[in-house]
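Just so you know, all these numbers are worked out from the coordinates, no wet-lab data involved. Please read all numbers here as calculations on a predicted model, not as lab measurements. With ideal geometry, Cβ positions are generated from the backbone for all residues, glycine too; neighbour counts draw on all protein chains shown.
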Amino acid sequence: MWRSGTILNKKIAAMRSKQRRSLIVGIFITLGLAIFIAAIYLVGTKENIFGSTIEVSAIFEDVKGLREGDRVRLSGIDIGTVGSIGFLSDNRVHIQMSLEEELVVFVKKDSRATIGNEGLMGAKVVMILPGSMLSEPVTEFDTLQTIEQIDVDDIMHEVMKSSENITVVSSELISITQKINRGMGSSERSLPIPPLLQTWMPPAIILPGSLKTLTGYRKR
């Protein structure tokens, strides 16, 4: 009798342990499904998967590393995403944008699209510049006019080029100043001014092919 009671208690304990494990597994599965559904909803809301959209295009010479899924913004507000990117027959780049239908009323037919950065070194973003208030909103499959982005590399190239020009002009100015300070004769005062230096000097100082004005100031 005592043995049968012990066996029965063990069976009851095993059943309770199994039920407890099943309950824990069920809780974890429920939580996992809830997190999965919430993630799908958040991503769908962020990417506007569940909302109505219209397709609008833009054509660029260079998209500067733009990718599918990057943001489309109007006045700093996200209004859509880049749907597809592809080459045209003339090697220009065609991008297809999905814009939220409820916000597309603010994008006018004379609005322009350009490509910018999210932060200094961030991802690319298509920025739509507002058009005129009198213009009509864009419609499905319209193509926006574009403004090519000025790349940071291009800016740095121009800065370096300007720096080199300044260095050349400075060396030429030093050379001319040294010659004037040594008191050269009239034959050397008619030394032509270098063309690059002429572009940096005020017109009132330069006489064609000579330094007479500069040396005239020195005599006074």
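The residues packed around residue 102, meaning those with a beta-carbon under 15 Å from its beta-carbon, carry a net charge of -4 if Lys and Arg are +1 and Asp and Glu are -1.
Residues 31, 99, 134 in ascending order of nearby Cβ atoms (within 10 Å, fewest first): 134, 31, 99. For 160, 133, 97, 127, the sequence from fewest to most other C-beta atoms within 10 Å is 133, 160, 127, 97. Note on region 53-149: Kirkwood radius taken over Cα pairs, Stokes-Einstein applied at 20 °C and 1.002 mPa s, translational D equal to 162 µm² s⁻¹. Fewest neighbouring Cβ atoms within 10 Å first, the residues 74, 173 line up as 173, 74.
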